[in-house]
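These notes are about the structure you will find just below.
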Amino acid sequence: MIEFQNVHKTYRVADREIPALHPTSLRVENGQVFGLIGHSGAGKSTMLRLINRLEAPSGGKILVDDVDVTALDADGLRAFRRQVGMIFQHFNLLASKTVADNVAMPLTLAGDMSRAQIDQRVAELLARVGLSDHARKYPAQLSGGQKQRVGIARALATKPKILLCDEATSALDPQTTASVLQLLAEINRELKLTIVLITHEMDVIRRVCDQVAVMDAGVIVEQGAVADVFLHPKHPTTRRFVQEDEQVDENDINSDFAHVQGRIVRLTFQGEATYAPLLGTVARETGVDYSILAGRIDRIKDTPYGQLTLAITGGDMDAAFARFTAADVHMEILR
Amino acid sequence: METLATLFSNVDWYEIWVATGDTLIMLGISLAFTVLLGLPLGVLMFLTSPRQLLENKPVYATIGLIVNMLRALPFIILLIVMMPLTEIITGTSLGILGTLPPLIAGATPFFARLVETALREVDRGIIEATQAMGASTRQIIVKALLPEARPGILAAITVTAIALVSFTAMAGAVGAGGLGDLAIRYGYQRFQNDVMFVTVVLLLVLVQILQTVGDRLVAHFSHR
């Protein structure tokens with residue numbers, strides 16, 4: 001478990017104090033994939049680096065499995081960092097070393113394994129990330145996605161309990177992003193690894209995270225299970241992130257659909273309800289007509305969901321609304 | 001062959017041979033010491049500079065001042081100014097031995113600055129990633145910074161070696177021996193243009209060889 005207790009961080013730049021993180025408390029349970037989302041400068045990068053103390057906090061406590069990270073001495077900190085893997089937006093691989101030597105690096109630095117043991121571990125790791133054939137290549141000969149896989153193999157070398165991901169997919173194209181996220185989800189499932197990732201893309205959160213915290217100007221403005229935050233965003237910052245991903249601008253609904261007849265409602269389905277033939281049934285039984293104005297059916301990690309914006313006309317509208325609510329569908333009346 | 005002999009009538013090929021050897025000896029020894037002293041100095045300058053691992057303003061400023069002072073001094077002046085100190089170190093201010101201290105004192109600050117610049121070229125992310133792996137400062141330097149900066153450092157050694165060739169030639173002016181000494185004593189002071197020509201060609205060949213070998217090494221260790 002990772003626990004932030006009233007942690008804050010202030011940078012001093014030319015005698016001016018610039019707050020990067022206001023006093024924040026947070027818990028990440030073991031085995032979770034925890035996402036921190038925010039625009040650049042929101043403090044998410046600082047927050048991530050506080051966990052393995054690449055940044056020292058200005059105050060507060062950070063506990064990892066009940067060990068106070070802020071109180072570790074130099075030796076203790078080095079030993080602790082070996083239990084925390086980290087991957088980066090720009091991969092940060094050593095250009096002078098082969099793929100195999102990059103992956104072996106945390107092990108050679110730790111210095112507690114023989115050459116043969118290291119070679120065997122490296123072979124295992126490269127097999128896991130699907131790069132066994134590239135062991136003798138240099139990073140410059142690899143694609144972005146392959147480089148990040150090397151980064152992941154390297155981060156897993158010392159069998160850490162926690163993996164920190166610093167915008168790990170932001171430099172990758174959408175297809176490569178999907179495959180790297182899939183690998184992260186796999187690692188989380190199979191190795192029971194706790195993952196903390198930071199991103200500015202809601203799509204990354206939707207695909208792999210269990211919990212999400214939305215950051216804005218050094219403050220966590222909203223936090224919770226991904227499905228809740230994603231489907232029912234409350235804070236304006238969260239709404240902006242969700243809309244970026246959904247391509248539907250809620251503010252424009254009233255202007256764009258001004259000429260549309262009837263009431264406008266948004267229905268949110270989750271889990272098995274997503275695939276139930278609800279709309280047709282309700283329309284038949286209550287006599288309402290509906291047209292779909294916008295919609296999306298997708299998955300949040302492993303849970304299917306649907307979100308439809310409908311215009312409803314005629315029939316017994318109140319009965320229809322009652323049926324939707326009774327069917328365990330979240331309904332918002334937009335107009 | 002006869003024309004060639006008349007063309008180079010003043011050239012004593014044995015003397016040329018000895019002078020070339022002297023130049024190579026001066027170059028080899030001074031380059032070895034320059035690298036040995038300049039590399040740690042360059043690493044120290046890099047580490048103590050602002051926003052680096054061992055940031056330390058007084059140390060960085062002090063080293064920077066000494067380095068700049070030595071670099072600001074024309075080498076020919078350094079040769080003369082250092083004479084008393086050279087005599088204390090080597091027992092003489094003449095010959096090969098007498099030129100080594102000024103050569104090393106002149107080239108080390110130059111090389112250290114180049115090393116500092118080469119280290120600055122290494123992506124900060126590499127240092128951060130190595131730190132995150134639990135590396136000590138010593139490990140970061142030895143296992144990450146120096147290997148990553150190796151092409152840059154090899155290029156710095158090449159540039160420094162070529163600068164040292166020109167320094168050794170200048171040292172000829174104060175009785176160091178070597179090709180520069182020949183060029184000054186015969187070529188310049190006795191107007192023997194043939195001697196001047198031969199020494200200049202040999203120096204040019206030496207510089208070309210150094211540059212080519214340096215470039216090959218840089219290419220060999222670059223994996224970008």
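For the stretch A:286-335, what class follows from the C-alpha gyration tensor (a ≥ b ≥ c being the square roots of its eigenvalues): rounded when a/c is under 1.5, otherwise prolate if a/b is larger than b/c, else oblate? If you can, show how the numbers build up before the last one.
Working: a/c = 2.69, a/b = 1.72, b/c = 1.56.
Prolate, because a/c is 1.5 or more and a/b exceeds b/c.
Using the Cβ-Cβ distance between residue B:200 and residue B:69 with R0 set to 51 Å, the FRET efficiency works out to roughly 0.95.
A straight chain from residue A:140 to residue A:108 at 0.36 nm per residue would run longer than the Cα-Cα distance by 9.3 nm. Counts of other chain beta carbons within 10 angstrom of each beta carbon in peptide A:94-103 average 4.
Relative to the Cα centre, the charge distribution of the stretch A:2-244, modelled as +1 at Lys and Arg Cβ and -1 at Asp and Glu Cβ, gives a dipole magnitude of about 420 debye.
Taking amide H positions as modeled 1.01 Å from N, with prolines and chain starts lacking one, the residues under 5 Å from residue A:300 and 5 or more places away or on another chain are A:305. Projecting the Cα positions of B:146, A:183, A:293 onto the charge dipole of the protein assembly as shown (unit charges on Cβ atoms of Lys, Arg, Asp and Glu, taken about the Cα centre) puts B:146 furthest along the positive direction.
Model label sites at residue A:115 and residue B:92, defined 7 Å from Cα along the beta-carbon direction, differ in position by 4.7 nm.
Take the Cα radius of gyration of the stretch B:135-217 and divide it by 2.2 N^0.38 Å, N being the number of residues; the result is 1.56. Here is the P(r) of chain B: all C-alpha pair distances, binned every 5 Å from 0, give 1, 7, 13, 15, 15, 13, 11, 9, 6, 4, 2, 1, 1, 0, 0 in whole percents. Farthest toward the positive end of the dipole of the stretch B:8-138, out of B:133, B:9, B:46, is the Cα of B:133, where the dipole comes from beta carbon charges about the Cα centre.
Label-to-label distance for residue A:272 and residue B:18 is 10.3 nm, based on points extended 7 Å past Cα in the beta-carbon direction. When only alpha carbons are used to place a centre, the stretch A:130-158 and the stretch A:1-75 end up 29 Å from one another. For the stretch A:250-333, the spread of Cα positions along the three principal axes, ordered from largest to smallest, is 37, 31, 15 Å. Relative contact order of the stretch B:67-213: 21 percent, from C-alpha pairs under 8 Å at least 6 residues apart in sequence.
If each residue of separation counts as 0.36 nm, what is the full-extension length gain between residue A:22 and residue A:317 once their alpha-carbon separation is subtracted? Could the numbers behind the result be given before it?
Working: separation 295, 0.36 × 295 = 106.20 nm, distance 4.76 nm.
Fully extending the segment from residue A:22 to residue A:317 adds 101.4 nm.
Comparing Cα centroids, the stretch A:93-124 and the stretch B:139-188 end up 37 angstrom apart.
What size of dipole, in debye to the nearest 20, comes out for the protein assembly as shown about its Cα centre when the only charges are +1 on Lys and Arg C-beta atoms and -1 on Asp and Glu C-beta atoms? Before the final figure, lay out the partial values.
Details: 50 positive and 56 negative charges, 192 e Å.
About 920 debye.
Kirkwood analysis of the Cα pair distances in chain A returns a hydrodynamic radius of 22.2 Å. Between 0 and 90 degrees, rounded to the nearest ten: what's the tilt of helix B:193-221 against the longest Cα principal axis of chain B? Rounded to the nearest ten degrees, it is 20. Computed about its Cα centre, the charge dipole of chain B is approximately 800 debye, with only Lys, Arg, Asp and Glu carrying charge at their Cβ. To the nearest ten degrees, helix A:99-110 and the longest principal axis of the Cα atoms of chain A are 70 degrees apart.
Where the centroid of each part is defined by its Cα atoms, how far is the stretch A:270-335 from the stretch A:188-239 in Å? Using only Cα atoms to place each centre, the spacing works out to 26 Å. Shape of the stretch B:25-87 from the C-alpha gyration tensor: oblate (a/c of 1.5 or more and a/b not above b/c, with a ≥ b ≥ c the square roots of its eigenvalues).
Residue by residue along B:122-131, Cβ atoms of other protein chains within 10 Å of the local Cβ number 6 on average.
Cα-based count: Lys pairs in chain A below 15 Å, eight or more positions apart or different chains? So the count works out to 7. Relative to the first principal axis of the alpha-carbon coordinates of chain A, what is the inclination of helix A:174-191, with its axis defined by its Cα atoms, in degrees from 0 to 90 and to the nearest 10? Approximately 70 degrees, to the nearest 10.
Across A:281, A:238, A:70, mean-square fluctuation computed from a Gaussian network of chain A (C-alpha pairs under 10 Å connected) peaks at A:281.
Over the Cα atoms of the stretch A:192-335, what is the Rg over Rh ratio if Rh follows Kirkwood? It would help to have the intermediate numbers written out before the result.
Numbers: Rg = 16.6 Å, Rh = 16.4 Å.
When Rh is taken as the Kirkwood radius, the ratio is 1.01.
Each of A:139, A:215, A:37 was scored by the projection of its Cα onto the charge dipole of the stretch A:2-244, and the greatest displacement toward the positive side belongs to A:139; charges sit on the C-beta of Lys, Arg, Asp and Glu.
The phi torsions of the stretch B:142-157, fed into the Karplus equation with coefficients 6.51, -1.76 and 1.60 and a -60° offset, translate into couplings of 6, 8, 10, 5, 5, x, 5, 8, 3, x, x, 5, 5, 5, 5, 5 Hz, rounded to whole numbers, with Gly and Pro shown as x. Each residue of the stretch A:30-41 was assigned a 3J(HN,Hα) from its phi angle through the Karplus expression (A = 6.51, B = -1.76, C = 1.60, θ = phi - 60°), giving 4, x, 7, 9, 10, x, 10, 10, x, 6, 5, x Hz with x at Gly and Pro.
Sorted by packing (mean other beta-carbon atoms within 10 Å per residue), highest first, where do A:137-146, B:84-93, B:36-45 land? List each step's numbers first, then the result.
Details: A:137-146: 16.3, B:84-93: 14.4, B:36-45: 19.8.
The densest-packed peptide leads the list: B:36-45, A:137-146, B:84-93.
If both residues of a DSSP beta bridge must be in the protein assembly as shown, then about 70% of such bridges are antiparallel.
Rounded, prolate or oblate: which one fits the protein assembly as shown, using the alpha carbon gyration tensor with axes a ≥ b ≥ c (rounded when a/c is under 1.5, else prolate when a/b beats b/c, else oblate)? Intermediate results must be reported in sequence, preceding the final value.
Numbers: a/c = 3.15, a/b = 2.81, b/c = 1.12.
Verdict is prolate for the protein assembly as shown.
Taking amide H atoms as placed 1.01 Å from N in the peptide plane, the amide H of residue A:24 lies under 5 Å from those of A:6, A:7, A:8, each 5 or more residues away in sequence or on another chain.
Values quoted throughout were computed directly from the atomic coordinates according to the rules given, and no laboratory measurement underlies them. Remember, predicted model here, so these are calculated numbers, not experimental data. Cβ sites come from the backbone with ideal geometry, for glycine too, and all protein chains shown count toward neighbours.
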